[in-house]
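As structure tokens, the structure follows; a few thoughts come after it.
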């Protein structure tokens, strides 16, 4: 399945002055792995994700896609009147809901036993697990994730990162994951794309498996290089 951006630009005109949000972005996702979009706040990464998803139109360029997409936002966006099972299956025709599949997904994201719980009874981390399961339930080929763990504490975020890696291993899904956290990018990414000054500044490809030691010499040097790339001024 393909999701590709060709020469994407996004700009606004304010007081007769053009404000560039994205400039000539060319991008391809990878198969069966996590592509990270990494950059400072305000660099255009969330706008780009919205353009990829079809939620926003580019000013110039085109998106080529023959894949089914789902998106997971920073906040869970669950239906408070629906239980976990119904939130996961939300959007699927009632007559076609595969109950066994939904129960397997609750187990995959670590929510087995909570199928009848309501959002008000769940922690923020658990609600994000529901959001991820809902994206999987819709049989998306590619899942777009906009800083989904940003508001979580360190320990919950670490658990969900491990869960996401396990999901990729078991389902062979492709994921595009937006973050501003370098460590998170190094933990999750097979490809890391640096956004800076409205453009793609640099790509990194990680051939390591997911048992990664961020305190190893190689990863410390890679983190330094990424940090310098993001911080450098032109």
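Here, each number is a calculation from the coordinates, and none is a lab measurement. Keep in mind the model is a prediction, meaning the values are calculated, not measured. All Cβ positions, glycine included, derive from the backbone under ideal geometry; neighbour counts span all protein chains shown.
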Legend entry - Residue match in region 199-214 (condition: buried (at least 17 other Cβ atoms within 10 Å of the Cβ) and part of a helix (DSSP H, G or I)): no
Legend entry - Lone qualifier among 8, 19 - being touching a strand residue (DSSP E or B) at 6+ places or on another chain (Cβ under 6 Å), over 18 Å from residue 192 (Cα atoms) and surrounded by fewer than 15 Cβ atoms within 10 Å (Cβ to Cβ): 19
Legend entry - Residue that is surrounded by the fewest Cβ atoms within 10 Å (Cβ to Cβ), among those in region 110-161 that are free of Cβ contacts under 8 Å to residues at least 24 places away in the same chain and over 18 Å from residue 188 (Cα atoms): 113
Legend entry - Scan of region 31-46 for residues that are in a loop (DSSP other than H, G, I, E, B) and touching a residue at least 24 places away in the same chain (Cβ under 8 Å), ordered by number: 31, 32, 33, 39, 40, 41, 43, 44
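Residues are listed down the side, and each one gets a yes or a no for (1) under 17 Å from the mean Cα position of the chain (by Cα); (2) under 14 Å from residue 33 (Cβ atoms); (3) in contact (Cβ under 8 Å) with a residue 12 or more places away in the chain:
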position: 173; (1), (2), (3): yes, yes, yes
position: 181; (1), (2), (3): yes, no, yes
position: 184; (1), (2), (3): yes, no, yes
position: 212; (1), (2), (3): no, yes, yes
position: 228; (1), (2), (3): no, no, no
Inset, instruction - Would you be able to tell me the number of residues in region 166-195 that are closer than 14 Å to residue 135 by Cβ and part of a strand (DSSP E or B)? - result: 4
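If you scan region 12-30, which residues turn out to be in contact (Cβ under 8 Å) with a residue 40 or more places away in the chain and either more than 17 Å from residue 142 (Cβ to Cβ) or over 14 Å from the mean Cα position of the chain (by Cα) (or both)?
Those that are in contact (Cβ under 8 Å) with a residue 40 or more places away in the chain and either more than 17 Å from residue 142 (Cβ to Cβ) or over 14 Å from the mean Cα position of the chain (by Cα) (or both): 20, 21, 22, 23, 24, 25, 26, 27.
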